[in-house]
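The values are calculated or read from the model by the stated rules, or taken from the named source; none is laboratory data. Just so you know, these numbers come straight off a predicted model, no measurement behind them. Virtual Cβ from ideal backbone geometry, glycine too; neighbours counted across all protein chains shown. Protein only, heavy atoms only, side chains kept; ligands, DNA and RNA dropped before computing areas. Shrake-Rupley method; radii C 1.70, N 1.55, O 1.52, S 1.80 Å.
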Amino acid sequence: RKLNKDTYQETLVGARKTLLSGGVIAAPTDTVYGILGNARNEEVIKKIFALKKRSSQKVFPIFVKDISAARKLAYISDAKARFLEKIWPGQVTVVFHHKENLPPVLTGGSDKVGIRIPGHPFISELLHALDFPLVQTSANISNELPAKDIEEIKKYFDDIVLQPDLIIDAGEMKGVSSTVIDFSGRDPIVARTGLISKEDLDA
């Protein structure tokens, strides 16, 4: 389904309906194309693992609509929340200790979870139209490069049995994943450099 100003509202409604019914979507984010689903639904998470042919030992991060939603899921102090206000919405995933109110399959038995408020307007609006966070991962087979356009998504997920239930086409993406910060301790540690550099974060 094409995403443009003429199809925006219709696509938003379709994406919401797909996610509410336990479906999985491939959609643009502010970094790369992502595979998204209900982060509270164990079967949805298992489907995404199967789609990506990904080891269940690896974990998925989540999208949330705002910092308040993030604090309901993870232990985030006031000081850490002030830091988040400076970097979110944006291309930075931050890892915190979670409050154990997400399916264990999502976190792989770990006591940590990566959280991000995306800066993409469509995904932001979609999150505000839902009452659950979204499990999110790049649209690719595990260990392959993230898909930058719809043709690459179709090539990766050409299995007739296992496919995203809805693919949203917004043209070519940058193809660079988010920066990851581990803030489960007292000080933030850059775990992966992406679109946002360490220099930007220090500033």
**OP:** Name the residue, out of Ala203, Ala191, that is surrounded by fewer than 15 Cβ atoms within 10 Å (Cβ to Cβ), in contact with a strand residue (DSSP E or B) (Cβ under 9 Å, 6 or more places away or on another chain), closer than 25 Å to Val92 by Cβ and hydrophobic (A, V, I, L, M, F, W, C).
**Re:** Ala191
**OP:** Give me a count of the residues in the stretch 109-123 that are over 17 Å from Asn38 (Cβ atoms) and either touching a His at 6+ places or on another chain (Cβ under 8 Å) or among the polar types (S, T, N, Q) (or both).
**Re:** 3
Original post:
Which of the residues belonging to the stretch 146-172 are part of a helix (DSSP H, G or I) and open to solvent by 30 Å² or more (accessible area, probe 1.4 Å)?
Top reply: Glu151, Glu152, Lys154, Lys155, Tyr156
Subject >> Hits in the stretch 5-16 (condition: open to solvent by 30 Å² or more (accessible area, probe 1.4 Å), in contact (Cβ under 8 Å) with a residue 40 or more places away in the chain and out of contact with any Phe, Trp or Tyr (no Cβ under 9 Å at 6 or more places or on another chain)) >> reply: Arg16
Original post:
For the stretch 148-203, what are the residues that are among the small types (Gly, Ala, Ser), at pLDDT below 85 and under 23 Å from Phe83 (Cα atoms)?
Top reply: Ser177, Gly194, Ser197, Ala203
**OP:** Consider Gly37 carefully, then state whether it is assigned to a strand (DSSP E or B) and either of a type in the set (S, T, N, Q) or under 22 Å from Thr193 (Cβ atoms) (or both).
**Re:** no
